[in-house]
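The values are calculated or read from the model by the stated rules, or taken from the named source; none is laboratory data. The structure presented is a predicted model; accordingly, all values stated were derived computationally and were not measured. Because the Cβ atoms are built from the backbone with ideal geometry, glycine has one as well, and the counts that use them run over all protein chains shown. Accessible surface is based on the protein model in full, side chains and every heavy atom, while ligands, DNA and RNA are left aside. Shrake-Rupley method; radii C 1.70, N 1.55, O 1.52, S 1.80 Å.
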Amino acid sequence: MNAEPIVGPAGRDIVRCGDGDDVVNAGAGEEIRWGAGNDTIAAGLGDDFADGESGNDTWTAREAPTPGFGLSAGEHGWVDCSRSRKRDSTDRRDGAGGRADPLRCGRMVPGINAAGRRFALVTGACGFVGRHLVRDLIADHDEIWMVDDLSSGRHPDTWLPSLLNQSTGWGDAPRIYDRGRQRVVFVKGNAIEVFGAGIGVLGAPAANNGLSWPQFDEAYHLASVVGGRKKIENEPLEVGIDLAVDSVFFLWAARAERLQRLLYASSSAAYPIELQAEDGAVPLREGYIDFAANRVPMPDMTYGWSKLTGEYLAYVFARSTGVPAWSVRPFSGYGEDQDPSYPIPAIGGRAARREDPLVVWGSSLQGRDFVHIDDCIRAMRSAIRVIEDGSGINIGSGILTTFLKVAEILAALADYEPKVRGTQTRPVSVHARHADSAVSRKLLSWQPKVSLQEGLRRVLHAQEEALATPDRGSAT
């Protein structure tokens, strides 16, 4: 196996194999040794790599700065150079075989796991919940893979650089953001296509074929059709696509065997609607959904059915694969950058404009259990470490608050006294939906830290800032 050194940016060297089949991607000052038959490897800064016997597929670091920073083809597999993605033209040179495009100088190849590095997968990562989850995961993970088709989420270029020290994304399929040895990989695509292609269920865009998925320490499946109550009631068949999204993802998860722990984002909409009526509403307990006891309720429209079915898939997945998995049932999550199709930012925007009357949907007397997004993420991160049997758990404060009360708090924070008026011309859903929070408090040692008063103050402030700087557009 012949090799040809190429000088990359900042003096970094890329050692390319002459036959075009194998790649060595070196950082500055690294020493690479190889023998015939070795596969792709990416070296970290300051690491010295050497193969063993000729034809050995295991590469380990000598005197690596991070304990255990070795790479093993037997454990993790390497990137297939025949499908590697093109980078900057200044860094590209084909081997004699002409099949492979070299990877950018000094960057680790996506999909290669190294001992001691933590990897996370988030589907629906560019939506409201996903963005906040990624922000939290960055604090303790080395590499995060995000899957999103951007049908309702924001492109990572608009929000991710601020979390990674203004890193600039490069590449397109997938798009990479990195800061030192920390990396975020963005795969743009519909979850059905991205994961279906990997198991031969459905086709996928050519750019996503051949993705080399790493082993994920944690996986969070959030991907779904979203759009607030109006979407749920007016487009129930479109929302029903979530049934396919979850079916394909769980089948991929079972066959790919890449997940060590899995959390499924369900919803309080999975609970029986008969327990949320005006004349019989009760705090919703986890036991009202019990697959083992054949206790399956009538949930809230196709959105509730899809989430209930997703929970059942998580339950079956955990039992059949032995991989720890569970579902979380968030109640009414809200936050400063939530889409205005949801009630809290919608009412907050009206209060920021000092509208009078201050209009809310429905009678204004229907109630919800409001939980700030920061508390939702804390609960999710706790749950993924605690529950393993495919069961579900609530994320809720246990406090029922009417929309009338929400409007009154926002008006008071905005320092004006409007008349609060409901409108019966918009979708309103069930009368009262709030959690029994006993299980989450006991198992997760969790309870909300952000009070409703404080959370609404943050929402109003964000909406007022958006009005003061119209070039920014909506606060969401």
Kindly provide the set of residues from region 159-187 that are over 28 Å from G198 (Cβ atoms) and out of contact with any Ser or Thr (no Cβ under 9 Å at 6 or more places or on another chain), ordered by number.
S162, N165, Q166, T168, G180
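Being modelled with pLDDT of 95 or more, under 24 Å from the mean Cα position of the chain (by Cα) and surrounded by fewer than 19 Cβ atoms within 10 Å (Cβ to Cβ) narrows it down to one residue among R329, R285, R319; which is it?
On the way: R329 fails: surrounded by fewer than 19 Cβ atoms within 10 Å (Cβ to Cβ); R285 fails: under 24 Å from the mean Cα position of the chain (by Cα).
Just a single option satisfies the conditions, and that option is R319.
Within region 113-206, which strands (runs of 3 or more DSSP E) (wholly inside it) include 1 or more residues that are of a type outside the set (A, V, I, L, M, F, W, C) and farther than 24 Å from I384 by Cα? Don't jump to the end; show me each part of the working.
Working: elements: 119-123, 143-148, 175-179, 182-188.
Ranges flagged: 175-179, 182-188.
For S397, indicate whether it is under 27 Å from Y303 (Cα atoms) and either surrounded by fewer than 22 Cβ atoms within 10 Å (Cβ to Cβ) or free of Cβ contacts under 8 Å to residues at least 60 places away in the same chain (or both).
Values: under 27 Å from Y303 (Cα atoms): yes; either surrounded by fewer than 22 Cβ atoms within 10 Å (Cβ to Cβ) or free of Cβ contacts under 8 Å to residues at least 60 places away in the same chain (or both): no.
Taking the combined requirement at face value, the residue does not satisfy it.
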Pairs, please: C-beta under 8 Å, at least 6 apart or cross-chain, first residue closer than 17 Å to S151 by Cα and in region 174-200, second hydroxyl-bearing (S, T, Y) and surrounded by 22 or more Cβ atoms within 10 Å (Cβ to Cβ)?
F186/Y177; A191/T123
So which pairs qualify, if the first residue must be in region 249-274 and more than 21 Å from M146 (Cβ to Cβ), the second must be part of a strand (DSSP E or B) and open to solvent by 10 Å² or more (accessible area, probe 1.4 Å), the Cβ gap must be under 6 Å, and the two must be at least 6 apart or on different chains?
S268/R433
Only residues that are under 11 Å from A191 (Cα atoms) and either in contact with a Phe, Trp or Tyr (Cβ under 9 Å, 6 or more places away or on another chain) or of a type in the set (K, R) (or both): list them for region 139-157, please.
M146, V147, D148
Over region 376-432, the set of residues closer than 15 Å to S363 by Cβ, basic (K, R) and modelled with pLDDT of 95 or more is K405, K419
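Can you confirm whether L251 is aliphatic (A, V, I, L, M) and in a helix (DSSP H, G or I)? Spell out the reasoning first.
Values: aliphatic (A, V, I, L, M): yes; in a helix (DSSP H, G or I): yes.
In short, yes.
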Of the numbered conditions (1) at pLDDT 95 or above; (2) farther than 30 Å from L251 by Cα; (3) out of contact with any Leu (no Cβ under 9 Å at 6 or more places or on another chain); (4) not acidic (D, E), A277 satisfies every one except a single condition; which is it?
(1)
Counted residues in region 332-349 being out of contact with any Gly (no Cβ under 9 Å at 6 or more places or on another chain), more than 14 Å from H372 (Cβ to Cβ) and open to solvent by 20 Å² or more (accessible area, probe 1.4 Å) come to 0
Somewhere in region 412-425, is a residue in contact with a Lys or Arg (Cβ under 8 Å, 6 or more places away or on another chain), open to solvent by 30 Å² or more (accessible area, probe 1.4 Å) and more than 24 Å from R457 (Cα to Cα)?
no
Within region 256-274, is even one residue at positive phi and surrounded by fewer than 18 Cβ atoms within 10 Å (Cβ to Cβ)?
yes
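Any chance you could count how many residues in region 301-344 are hydrophobic (A, V, I, L, M, F, W, C) and assigned to a helix (DSSP H, G or I)?
Let us first name the residues in region 301-344 that are hydrophobic (A, V, I, L, M, F, W, C), namely 301, 305, 308, 313-314, 316-318, 323, 325-326, 328, 331, 344.
Cutting the leftovers down to assigned to a helix (DSSP H, G or I) gives us 301, 305, 308, 313-314, 316-318, 344.
So the count comes out to 9.
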